[in-house]
Amino acid sequence: MDEWKVEVIASNGEHTLKVTSKADEKTCFSIKVCFVNGVALPVWLSQSRYDHLKKIVNMRESDVIVSTYPKCGTTWTEQIVLLLLVGGDIDKLDPIHKNAYRPGANQLVGKVWPEACLEQEVDENNRKGGEFVPLSLDEFNAMPSPRLIKTHASVENLIGGNGSSGEPFLGNAKVIYVTRNPKDACVSSYHHSFNPYKSGWPFHAWAAAFLSGNIPFGSWFETTKSWLQAQAKYPEQILILHFEEMKKDPATAIRKIAVHLGMQPDEELISKVVQHSAFDSMKSEAAKKAGNSLNTVDHLRKGDVGDWRNYFSSEGSEEFDRTFQKNMEGVGMTWDTGLGDELTA
């Protein structure tokens, strides 16, 4: 990725991440971002919006928070938690709207992404848009327990109380943090969000942006380290899982999640959750209920381990490894990158 220059350009209060070929400055790609407390975020999550949410959102002890860096198993983990909460009954989930909670939809369970959907005033005619469906603060506070809450935030940028000023960490809510090896996370994000792949970005231009930490939702390295440090401080509240281990042995991962949430699952429930949270099952169920709408299933791409080998050059892989070692030194953890290879810090 050395062949690309990555910089953030500030102009008139706006920020643009710009990736330029060092060989030809006319070859340039860009995306707008905003910064919240120094972390790059999507433009819809401004500092003022974040500050407002930080003031008004409080977590409950009964809340379940699924936290990930983007494309590290978010939807999959949400599916597992929701299935556990409804006894493995797939018909009680709503994949058409990415399992988002929608007031008035007679749902037993649903997830909420406060950073994306929480509004003070809601247009009743605008209840579409999956996890971006507007939700008022009153509706959020009236949700039945346990609420399932999604976030991509680092610990420092959490809303809902992060243990400062003597407050309990996230109101004593239970957190499930899923980490994925950063090479596969980089490849998956290449096909997601504003979709650099479809926007014409060469892969290594995107990988250079990924390594800079200035893409929407910031740095994989800093976000991951923040949660590892928080887990060491709050081990009873935070469960750390690896995407790759979940793929190898989903039953064990599901059982860990259930126990973390205070459940005593039997083998029948575990078996149902394994079946209905399998990648192919999730994708086919979403497509079936939505009539094969791409908007419903395009966030479910492959879910593979080791797909990065189809994208990285040997030089690009080595540069990525060096950046990993520099940023993750001393964390004491290993990430499986497939085919027996590992990243260890």
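Read the figures in this text as sums done on the coordinates, not as results from a lab. Because the structure is a prediction, the values reported are computed rather than measured. Cβ atoms come from the backbone with ideal geometry, glycine included; neighbour counts cover every protein chain shown.
A compact table of results
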| item | result |
| --- | --- |
| Highest-fluctuation residue, GLY161, GLY262, GLY104 considered, GNM on the chain with Cα pairs under 10 Å | GLY104 |
| Magnitude of the charge dipole, the chain, Cβ model with Lys/Arg +1 and Asp/Glu -1, debye to 20 | 400 |
| Those residues of region 1-23 whose amide nitrogen sits under 14 Å from the label point placed on ARG322, 7 Å along Cα→Cβ | 1-4 |
| Gain upon complete extension [LEU53, TYR197; 0.36 nm per residue less C-alpha separation] | 48.6 nm |
| Sequence ranges 65-77, 25-37, ranked by mean other-Cβ count within 10 angstrom, highest first | 65-77, 25-37 |
| Ranking of MET263, MET59 by count of other Cβ atoms within 10 Å, fewest first | MET263, MET59 |
| Helix-only CD estimate at 222 nm, as mean residue ellipticity for the chain, using -39500 (n - 2.57) per DSSP H run (n ≥ 4) | -10500 deg cm²/dmol |
| Relative exposure of HIS191, HIS152, judged by other C-beta atoms within 10 Å (fewest first) | HIS191, HIS152 |
| Folded to 0 to 90 degrees: helix 279-290 orientation relative to the chain principal axis, Cα | 70 |
| Of LYS225/LYS283; LYS248/LYS283; LYS54/LYS92, pairs whose Cα-Cα distance is over 28 Å | LYS225/LYS283; LYS54/LYS92 |
| Highest-MSF residue in the chain out of ASN214, ASN106, ASN327 [GNM, Cα springs under 10 Å] | ASN106 |
| Ranking of GLU156, GLU244 by count of other Cβ atoms within 10 Å, fewest first | GLU156, GLU244 |
| Taking only Cα atoms of region 46-344, radius of gyration then Dmax in Å | 18.7, 53 |
